[in-house]
Amino acid sequence: MTEDITVVRNPRARRTRLSFDPVGGQARLTLPPRAPLAKALAWARAQEAWIAHQRGRLPSARPFLPGATIPVDGEMLTIDWRADALRTPKVDDGRLVVGGPAESVPRRVELWLRRRALALLEEDTAFYAARAGVSVSGIAIGDARGRWGSCAHHGAIRYSWRLVLAPPEVRRATAAHEVAHRVHMNHAPAFHALVAELFGRDPAAERQWLRANGAALHWYGRSPVG
């Protein structure tokens, strides 16, 4: 089926392009400003086999339900719902114990993960900021699909909370990257050299891990499609 195609007109596009977003699970048709829509959609629908193949490669949805396992700061935790346990999740011997109403488990697990992500990233950021000799005016988390972190000109850094699901070194490499932007607001060679200096080595392996596995992190906490 190809009816779920997002159409985007891009003023800089020079040709019609069909792509697939593994985070949103949707095909995207990008058009130049004056390209005929009907003709482009007809072409896109003719690519039904390709779109179906891309959908078949989507990461598995991993809802936060009792019995599910989630990676947190390098440790696999099993969600253990107990009606008589505290509502605030607590780590106990490889289990994330959470009480209260069963239907609210997914929401409370995500809130706990967000708080854990913020605490870890505050620690990582402070470490690299001290190493770089710079200040950071604030740290926040969000759930952006297109980036893992961003640094504003005024010194605030924002991260994806889903970094808590990544290996610790991947999370730390992201923090080093954003802190380096407090010195270089670009991606010139000097910037990459500073990232490597702060991190202790070239974080090429961590960048590759995010390219290969980043989309799957966005499927944690989501229900299966269809």
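The values are calculated or read from the model by the stated rules, or taken from the named source; none is laboratory data. Predicted model only: the values in this text are computed from it and were never measured. All Cβ positions, even for glycine, are placed from backbone atoms using ideal geometry, and neighbour counts span all protein chains on display. Note: accessible area is taken over every heavy atom of the protein model, side chains too, but ligands, DNA and RNA are not part of it. Shrake-Rupley method; radii C 1.70, N 1.55, O 1.52, S 1.80 Å.
Quick notes on this one:
- Surface accessible to a 1.4 Å probe, Tyr220 within the full protein complex, Å²: 30
- Sequence-separation-based contact order of segment 1-116, relative, with Cα cut under 8 Å and 6+ spacing, percent: 16
- The chain: relative contact order in percent, alpha carbon pairs under 8 Å with at least 6 residues between: 18
- Beta bridge orientation in segment 1-147: antiparallel %, DSSP, nearest 5: 55
- When the alpha carbon coordinates of the chain are projected onto the principal axes, the ranges are 56, 51, 28 Å, largest first.
- Distance from segment 10-24 to segment 186-204 (C-alpha centre basis), Å: 30
- Rounded Å value of the spacing that divides the Cα centres of segment 118-178 and segment 64-78: 22
- Among the GluC sites (Glu not before Pro) within segment 1-76, those in coil by DSSP and having at most 14 neighbouring Cβ atoms inside 10 Å are Glu3.
- Mean residue ellipticity (222 nm) of the chain, computed from DSSP H runs ≥ 4 via -39,500 (n - 2.57), nearest 500: -12000 deg cm²/dmol
- In nm, spacing of pseudo-spin labels at Ser223 and Lys39 (7 Å Cα→C-beta vector): 4.2
- Heavy-atom accessible surface of the chain: percent carbon and sulfur, 1.4 Å: 52
- In the elastic network of the chain, a GNM with C-alpha springs shorter than 10 Å, the most mobile of Ile51, Ile157, Ile139 is Ile51.
- Between Ala49, Ala205, Ala173, the Gaussian network model of the chain with springs among Cα atoms under 10 angstrom shows the greatest mean-square fluctuation at Ala49.
- Calculated SAXS-style log₁₀ I(q)/I(0) at q = 0.23, 0.28 Å⁻¹ - segment 31-103, Debye, Cα scatterers: -1.02, -1.17
- 5 angstrom amide H check on Gly142, placed H, neighbours 5+ away: Tyr159, Ser160, Trp161
- Per residue accessible area in Å² of segment 42-171, where ligands, DNA and RNA are left out and the probe is 1.4 Å: 54
- DSSP bridge analysis restricted to segment 79-164 gives an antiparallel fraction near 45%, rounded to the nearest 5.
- Amide H to amide H distances under 5 Å link Phe20 with Arg28, where only residues 5 or more positions off or on other chains count and H is placed in the peptide plane.
- One chain, two ends: Ala144 and Arg115. Fully extended at 0.36 nm per residue, the span grows by 8.8 nm beyond their Cα-Cα distance.
- Choice from Thr69, Thr78, Thr88 with maximal GNM fluctuation in the chain (Cα, 10 Å cutoff): Thr88
- Take the Cα of Leu65, step 7 Å toward its Cβ, do the same at Glu103, and the gap between the two points is 1.6 nm.
- Viscosity 1.306 mPa s, 10 °C: Kirkwood-radius Stokes-Einstein D of segment 99-210 over Cα pairs, µm²/s: 109
- For Val134 and Ala204, the FRET efficiency from 1/(1 + (r/R0)^6), where r spans their Cβ atoms and R0 equals 22 Å, is about 0.40.
- Amide proton proximity set for Val183, modelled H, under 5 Å, gap of 5+: none
- Once the Cβ-Cβ distance of Val7 and Ala196 is raised to the sixth power relative to R0 = 30 Å, the FRET efficiency obtained is 0.15.
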